[in-house]
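Participant: Next up is a structure, given as structure tokens.
Values in this text are rule-based calculations from the coordinates and carry no lab data. Bear in mind that the values here come from a model prediction, so they are computed numbers and not experimental data. FYI the Cβ positions are ideal-geometry reconstructions off the backbone, even for glycines, and counts take in every protein chain you see.
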Amino acid sequence: MTELRGYTCTSPDDTQRAGTALARCLRPGDLLGLIGDLGAGKTLMVQGIARGLAVPPEVRVTSPTFTLVNEYHGGAIPLYHADLYRIERATELDELGLDEICRRADGVVCVEWCDRFPVLGRDYLEIRIDVAGASERRLSATGHGARSRAVLADWAGALQKK
């Protein structure tokens with residue numbers, strides 16, 4: 001499977017559970033690009049991924065809108081969480097070191113607003129979160145590369161069992 005279309009999450013907790021299910025399919029070196037409007041649930045998805053990677057529950061997983069990159073250690077594998085919302089020019093990505101972060105082989109990298117700049121040139125899983133109601137969200141995903149397609153197939157299977 002190279003695509004997931006229209007999987008519905010009916011609450012914020014459901015979005016986090018979808019992220020937790022995804023985390024169980026991930027391994028070091030995996031790269032995720034998250035797309036969606038403000039408030040769509042990108043950070044909720046990353047919170048679920050963090051919990052699925054066993055980031056300790058006392059560690060607060062927040063949007064890196066102002067810090068641009070948050071790193072979470074102490075789980076099964078490190079989690080790197082970047083947010084490109086406030087980035088205005090591609091040169092800022094160099095200052096941020098995003099290319100280096102995306103090449104991290106020791107952990108999972110999640111990049112919010114990845115559609116703003118074409119930074120994910122290698123194998124990555126693109127996840128789109130669309131607002132479908134007050135608390136309802138629709139997830140769509142596309143695998144770009146062999147590894148991301150394998151992750152997507154595993155994740156879609158886990159979501160169907162839910």
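Participant: What net charge is computed for the residues neighbouring Arg116, neighbours being all others with C-beta under 12 Å from the C-beta of Arg116, Lys and Arg scored +1, Asp and Glu -1?
Facilitator: Result for the neighbourhood of Arg116: -3.
Participant: Find out how many positive minus negative residues lie around Asp130, taking Lys and Arg as positive, Asp and Glu as negative, among other residues whose Cβ is under 10 Å from that of Asp130.
Facilitator: After counting each charged neighbour, the total is +1.
Participant: For the chain, count all C-alpha to C-alpha pairs, find those more than 23 Å apart, and express that count as a whole percent of the total.
Facilitator: Roughly 30 percent, once rounded to a whole number.
Participant: Right, here's the next one. Measuring from a point 7 Å past the Cα of Ala146 along Cα-to-C-beta, which residues in the range 117-137 have an amide N at less than 17 Å?
Facilitator: 122-125
Participant: Enumerate the amide H contacts of Glu112 below 5 Å, restricted to partners 5 or more residues apart or on another chain; note that Pro and chain-start residues carry no placed amide H.
Facilitator: Leu34, Ala82, Asp83, Leu84
Participant: While we're on this one: Just for the chain, what percent of DSSP beta bridges are antiparallel, to the closest 5?
Facilitator: 55
Participant: Here is a further query. Below 8 Å, C-alpha to C-alpha, sequence gap of six or more: please give me the relative contact order for the chain in percent. Present the calculation step by step, with values, prior to reporting the outcome.
Facilitator: Working: 339 pairs, mean separation 56.1, N = 162.
Computed value for the chain: 35 percent relative contact order.
Participant: With a/c under 1.5 counting as rounded, go ahead and sort the range 4-65 into rounded, prolate or oblate using the C-alpha gyration tensor (a ≥ b ≥ c being the square roots of the eigenvalues; past the cut-off, prolate if a/b is larger than b/c, else oblate).
Facilitator: It is rounded, given that a/c, with a ≥ b ≥ c, falls under 1.5.
Participant: A further question on this structure: As a check on your grasp of the helix formula, calculate [θ] at 222 nm for the chain: sum -39500 (n - 2.57) over DSSP H runs of n ≥ 4, divide by the residue count, round to the nearest 500.
Facilitator: Per the formula, -9500 deg cm²/dmol.
Participant: Something else about it: Sorted by packing (mean other beta-carbon atoms within 10 Å per residue), highest first, where do 48-56, 101-109, 62-70 land? Before the final figure, lay out each step's value.
Facilitator: Numbers: 48-56: 21.0, 101-109: 17.3, 62-70: 15.6.
In descending order of packing, they fall as 48-56, 101-109, 62-70.
Participant: Could you tell me whether the range 62-147 comes out rounded, prolate or oblate from its Cα gyration tensor? Rule is a ≥ b ≥ c as square roots of the eigenvalues, rounded for a/c under 1.5, then prolate if a/b exceeds b/c, otherwise oblate. Before the final figure, lay out each step's value.
Facilitator: Numbers: a/c = 1.35, a/b = 1.23, b/c = 1.10.
Rounded.
Participant: Return one number: the angle in degrees, 0 to 90 and rounded to the nearest 10, between the long axis of the Cα atoms of helix 12-23 and the longest principal axis of the Cα atoms of the chain.
Facilitator: The angle comes out at about 70 degrees.
Participant: Continuing with the same structure: Give me the one-decimal nm value for the distance between modelled label points at Val131 and Thr10, 7 Å along each residue's Cα-to-Cβ direction.
Facilitator: 2.1
Participant: List the residues whose amide H sits under 5 Å from the amide H of Ala132, counting only those 5 or more places along or on another chain, with H placed 1.01 Å from N in the peptide plane.
Facilitator: Arg137, Arg138
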